[in-house]
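Reading through the structure tokens given below for one structure.
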Amino acid sequence: MTNARVCLSIAVVASACSVAACGVDVSETEPNNTMQEAQLLPPLDWVTIYDVSGTIGSGDVDFFQFEVTNTSLFLVGSLEYVAVDPLDPGPYLGLFDFGGTLIETGVADVGIVLSAIVLQPGTFTLGLTGLDDRGFVGDHTHQFTYTFYLQAVPLPAAGAMPLLGVAGLAGMSRRRRAN
Ligand SMILES: [Ca+2]
């Protein structure tokens, strides 16, 4: 199922790029070390792709916050890094819902590294830290530069939905309880 999900996601990305201008460069800006001081990105619609680049030092965590404006498939891809120590395992990525709950994670790879179905527009936060820091609190000694892209695309046809993760549903259930 994992392979099917990745292949489908890549197809969706290619389709989105063919109909719109892609690739707005975003450079990480400190301080962005906690969810509360996350770097704010422009809203994510179905058009723009953000190409994010930054640097992680020992104990550092980078958070990016953005609004997903439509019911979407949210994707992060091409998470690549250059480490000070060649043996450094590199970055650990997490997507948090508006309530701060971790709903999906990813590690460095050339394809789609994180995906989530967003059933209701809202605010999300993406955290990036060293692989040892599973709590996104800076408990690591990794040092590297990184790049990745993030985008939101229309949901695939209903028949393809079971192939995808449903992490976004976690955000939905919390929102309903809050209302
Ligand atoms: Ca930081």
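The values are calculated or read from the model by the stated rules, or taken from the named source; none is laboratory data. Computed from a predicted model, the values in this text were never measured in an experiment. With ideal geometry, Cβ positions are generated from the backbone for all residues, glycine too; neighbour counts draw on all protein chains shown.
Some values worked out for this structure:
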quantity	calculated
Residues satisfying the stated conditions in region 39-61, i.e. farther than 16 Å from Val153 by Cβ and either within 12 Å of the chain's Cα centre (by Cα) or aliphatic (A, V, I, L, M) (or both)	Leu40, Leu41, Val52, Ile56, Val61
Subset of region 29-44 (residues that are away from the ligand (no atom under 16 Å from the Cβ) and surrounded by 15 or more Cβ atoms within 10 Å (Cβ to Cβ))	Leu44
Candidate set: region 155-168, residues that are within 16 Å of the chain's Cα centre (by Cα) and surrounded by fewer than 21 Cβ atoms within 10 Å (Cβ to Cβ); chosen: the one modelled with the highest pLDDT	Leu164
Output for region 51-66, where each listed residue is more than 8 Å from the ligand (Cβ to nearest atom), in a strand (DSSP E or B) and closer than 25 Å to Gly135 by Cβ	Val52, Ser53, Thr55, Phe64, Gln65, Phe66
